[in-house]
Each structure stands twice: as structure tokens, then as C-alpha cells.
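See below for the structure under consideration.
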Amino acid sequence: MASLGVNIDHIATVRQARRTVEPDPVTYALLAELGGADGITVHLREDRRHIQDRDVELLRQTVRSRLNLEMAATAEMEAIALAIRPDMVTLVPERRQEVTTEGGLNVAAQLQSMQGLVGRLQDGGIGVSLFVDADPAQLEACAASGARWVELHTGGYAEAGWSDQPRQLARLCEGAFVARSLGLRVNAGHGLTYQNVEPVAAIEGMEELNIGHTIVARALAVGLQQAVSEMKALVQNPRREPLFGSSQP
Ligand code: PXP
């Protein structure tokens, strides 16, 4: 059964729209935990567009589940991670102009530097996950980097039209299988919603799904605690039958 990591970046996005003190992601992390979050995820971006350094410092003190820090593989972020010591770091690619994380890491192209960074973070007692596409060559590089987890990029699946979604889902299943065969533990995330999450949650060996935007959007209607608990129910007990494909014209 997969667990649920709740990404609260967009609580901070609302706060930063006015550069004020509310809503405070620290308060909302607690509500997410009360709703059943198994972990809290924040992305400290180089441009600090949503989460701020103070948020990560306070979350380290208040989160009682697991704190997962998403960050770019830079010297600045490495120093922050080693000072704050989240339970997990998920390394992601980052481009200033992007609206959100766009693609997976190219671990194969930077294997040596990844090995160094992964080793230093792990020596600091931090679990390391690498956000990658479900591409066997990248997964092999992840295993060679020494990281113990991968987070499979579900953006392609989430953005696909109904006719391509089964193929994208098969790609994720295959990626999860390859990753596990290489001894890696498997998380996934990006673009998952209440409508599309179940087939991904049902993938054999899926450990954790990291979900943010759709939960924060739903929270506007029902509150964060309820929004998390609704998502948790889907992640823990996904329907097994296909949601799309066979009955379509
Ligand atoms: N996983 C990673 C690596 C991400 O970068 C993001 C977006 O910050 C998510 C999961 C969550 O994506 P979403 O907000 O679309 O649920």
C-alpha cells in the first residue's frame, strides 16, 4: 500500500503573492498530518518563489511525520540540507523560467557529481531520492549513484490524453519494475489528481506518492485536512480496474 506525501508549496505561493505572513505553510503542514499525510514535502527553489528558508527550518522542528526537501543539486542547497537535515532529500532539476519542475534529472549525464552529492547527503543521515523519468538508462544511473530511492516522474502520464494514458501508465509500471530489480525503492509524483491517481497508486511496489497542487486546490473547497484525507483514501485503496481506455470510442 502506497503512502502519501503532501507537497505544501502552494500554501506558500498564496502567502508570497502578498509577501505577508499568512497562510503559513507550517500551520498547514500540521493540518495535512491531521488529515493523514505520511510525509510533508517542500521544494526550496533557488528563486524562493514559494517556500522560504525559515519555513524549512520551522518544519524541521514541527513535522512529526517525515520531512522531504525537494531541491536542486547545487552547493547552496547541499549546505542547507546538511544544516537542516530533513528525513529525505529529493533531487530535482530546476530552471528559473519554469512554472513547475518540468522534466526528470539527467543522472546518467552527471553520474560522478551525483555520486558525490548522494554520498555526502547520506553520510549526513539523509535519505536521498532522485526524480527521474521512467527510463531504464536513467534508473540504472540512479542505482549507480548510490541513492536508495527514485521518484518516477508522472507528468507525462498526467498530461496524456485518454488514448495515450494506458501507454504512459505501462511505462511507469515498467519503470517501477526495473527500479525495484535494481534494488531501488520507488516513489512517484507530479501532476497527480483525484481523477488520475488510482492506477499509479496501484502499481506494484509503489511506496509513496508526492502530491501537491490538486490537494491545495481541493482544500479551497473543503479545507486541507479533509482534502488530504480524501486523497489518502484513494492512495491507500485504489480501484484496480482501468479508469480509461477500453470503454472509450
Ligand atoms: N514531485 C516532484 C519532484 C515535484 O517537483 C512536484 C512539484 O513540486 C511534485 C511531486 C508535486 O506535483 P504536483 O504539485 O503536481 O502534485
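The values are calculated or read from the model by the stated rules, or taken from the named source; none is laboratory data. Not measured: the values here are computed from a predicted model. Neighbour counts run over all protein chains shown; Cβ positions are idealised from the backbone, glycine included.
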Next on the checklist: Residues to consider are 244, 177; find the one that is aromatic (Phe, Trp, Tyr) and at pLDDT below 95.
Outcome noted: 244
Next on the checklist: Condition first: within 14 Å of the ligand (Cβ to nearest atom) and within 17 Å of the chain's Cα centre (by Cα). Can you find one or more residues in segment 166-174 that meet it?
Outcome noted: yes
Next on the checklist: Is it the case, given these coordinates, that residue 166 is closer than 25 Å to residue 232 by Cβ, touching a Pro at 6+ places or on another chain (Cβ under 8 Å) and either part of a helix (DSSP H, G or I) or aromatic (Phe, Trp, Tyr) (or both)?
Outcome noted: no
Item to check | When residues of segment 1-25 are limited to those that are among the hydrophobic types (A, V, I, L, M, F, W, C) and free of Cβ contacts under 8 Å to residues at least 12 places away in the same chain, the one farthest from the ligand (Cβ to nearest atom) | outcome: 21
Checklist entry - For residue 24, which of the numbered conditions (1) over 23 Å from residue 192 (Cβ atoms); (2) buried (at least 23 other Cβ atoms within 10 Å of the Cβ) fails to hold? => result (2)
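Okay, residues lined up against (1) touching a residue at least 12 places away in the same chain (Cβ under 8 Å); (2) out of contact with any Ser or Thr (no Cβ under 7 Å at 6 or more places or on another chain); (3) more than 27 Å from residue 113 (Cα to Cα):
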| site | (1), (2), (3) |
| --- | --- |
| 160 | no, yes, yes |
| 165 | yes, yes, yes |
| 183 | yes, yes, no |
| 196 | yes, yes, yes |
| 199 | yes, yes, yes |
| 218 | yes, yes, yes |
Item to check | Within segment 9-28, tally of residues that are within 23 Å of residue 79 (Cβ to Cβ) and either charged (D, E, K, R) or within 16 Å of the chain's Cα centre (by Cα) (or both) | outcome: 1
Next on the checklist: Of everything in segment 141-158, what is farther than 15 Å from residue 118 by Cα and more than 12 Å from the ligand (Cβ to nearest atom)? Give them in sequence order.
Outcome noted: 156
Checklist outcome for this item: Expected single match for within 24 Å of residue 213 (Cβ to Cβ) and among the hydrophobic types (A, V, I, L, M, F, W, C) among 88, 114 is 88
Checklist outcome for this item: For segment 31-61 the number of residues that are surrounded by 19 or more Cβ atoms within 10 Å (Cβ to Cβ) and either in a helix (DSSP H, G or I) or free of Cβ contacts under 8 Å to residues at least 40 places away in the same chain (or both) is 9
Checklist entry - Counting only residues that are in a helix (DSSP H, G or I) and touching a Leu at 6+ places or on another chain (Cβ under 7 Å), which one in segment 146-163 is surrounded by the most Cβ atoms within 10 Å (Cβ to Cβ)? => result 157
Item to check | Candidate set: segment 26-73, residues that are in contact with a strand residue (DSSP E or B) (Cβ under 7 Å, 6 or more places away or on another chain) and of a type in the set (S, T, N, Q); chosen: the one farthest from the ligand (Cβ to nearest atom) | outcome: 65
Checklist entry - Where residues in segment 178-195 are within 14 Å of the ligand (Cβ to nearest atom), surrounded by fewer than 22 Cβ atoms within 10 Å (Cβ to Cβ) and within 21 Å of residue 90 (Cβ to Cβ), which of them is farthest from the chain's Cα centre (by Cα)? => result 193
Checklist entry - Among the residues of segment 196-239 satisfying the criterion of being assigned to a loop (DSSP other than H, G, I, E, B) and within 13 Å of the ligand (Cβ to nearest atom), which is nearest to the chain's Cα centre (by Cα)? => result 212
